[in-house]
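Contents: one structure, followed by commentary.
Please treat every number below as a calculation from the coordinates, not as lab data. Just so it is clear, the model here is predicted, and its values are computed rather than measured. We place every Cβ from the backbone using ideal geometry, glycine too, and count neighbours over all the protein chains shown.
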């Protein structure tokens, strides 16, 4: 037991990373901690343990949470390595769990190098798949995954879905930035001190249709003064991302190999938005919060000062290798059924063409604005999902400002629902609590659906001469 206790306080690589993140030399840190520079060097090389007294001194001096500073003894890297080594390409290599732990704890630099190399390899494989898609689908014709080279929105959705809407490099970069700039006041101060920009709030008639505009000539960031707090924070964070995380956004963007300028612009905007959300809701803190609050979206929104939609969007991104949380999908629709946002990290078979099933509550929550509606869903093949739907409002801010009402739904596979505050603990589902839905009417073969709007592909309509059925389209169930 004693040897384990001693081992846990050797934290040289973490200490060196902390010093570099703070922009300090070994001499600077030695002066701050009232020790010698050679002693700092010994600590960083794991030639001396970090004592409890030194941990407290580090925490007090640099205003760091003691638990975060002590770290997890390489548990993060161990979990990430274990996740990566489950890939089929490593299946014939017998690597005992203890060896993985030893590597992650004793050689964090080599571990990080391996993880970066694997990430680069995976991105290249995805890029090859992106480039191959138009050829496989015959140019501009939709392929088996609904890819259309002439549809920039579909192209970007496919780019995000292939990566499960998760970009670890953006999460890491945003988390580092969040350590020095937090919340609206912190973002404003960062813009002022680091970029010499003053933030001004102007009425909509002066902004001329813009909610955010960077005026480099006058060194000003202009924001519409009717923005709500969550939107204001997001726009401040997004501007910081464009100013400080351009390289990280660019690297993620280049991996897509998009076929049109519109797709490039949409993808870059989506990645900047991802990084802005990661700046407001840093991965580590947010991942801890979702466990504590059991994915209570309203409680999480209040904790991080975000909107319901921003929070729902963020929970779909928590798939960092080794630190994966519940995989979610998200859909946003308007009252006419038009889909304006689609993110799939849970394997939900969204319709590539046509509308979604009208029996899904995401289409009916407009009757109960702002109320959360939960629903168990079952697809024709037996797959079950748990859905959480609610309306959200965009725009507004003044009496005559345009408001747009939309509904969003997030969901997960049934086996994960027990981790959510919305699912009933210890409750066995009854058949009447599950809504049988289809992906879309044209591919749904449920014969007794009164909500059907189209005949399934490959089915013949039954004659109406002697019998009129209670369903819109009668067809043989055989």
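Assorted remarks:
- Beta bridges per DSSP with both ends in the chain, % antiparallel, nearest 5: 80 percent
- Relative exposure of 121, 295, 274, judged by other C-beta atoms within 10 Å (fewest first): 121, 274, 295
- As a length-normalised measure over Cα pairs under 8 Å and 6 or more apart, the relative contact order of the chain settles at 10 percent.
- Here the gap between residue 269 and residue 45, fully extended at 0.36 nm per residue and compared with their Cα-Cα distance, gives a gain of 76.5 nm.
- Correct option for Rg and Dmax of the Cα atoms in Å [calculated from the coordinates] among [x] 23.3, 71; [y] 21.7, 73; [z] 25.9, 98: [z]
- Cα long-axis angle, helix 75-84 against the chain (0 to 90 degrees, to the nearest 10): 50 degrees
- Between residue 338 and residue 64, the FRET efficiency from the beta-carbon distance, with R0 = 51 Å, is close to 0.60.
- Crossing angle, helix 261-280 versus the chain [Cα axis fit, 0-90 degrees, rounded to tens]: 60 degrees
- Counting beta carbons within 10 Å around each of 238, 341, 86 and listing the fewest first gives the order 86, 341, 238.
- 0 to 90° range, to nearest 10: angle between helix 152-162 axis and the chain longest Cα axis: 60 degrees
- Mean ellipticity per residue at 222 nm, deg cm²/dmol - from DSSP H runs of n ≥ 4 across the chain, formula -39500 (n - 2.57): -13000 deg cm²/dmol
- With both residues required to sit in the range 144-280, DSSP beta bridges show an antiparallel share near 45%.
- With the largest listed first and rounded to whole Å, the semi-axes of the equivalent ellipsoid of the range 144-280 from the Cα gyration tensor are 28, 18, 13.
- Taking 444, 357 and counting other C-beta atoms within 10 Å, the order from fewest to most: 444, 357
- In this simple spin-label model, placing a label point 7 Å from the Cα along the Cα-to-Cβ direction at both residue 25 and residue 218 gives a separation of 4.3 nm.
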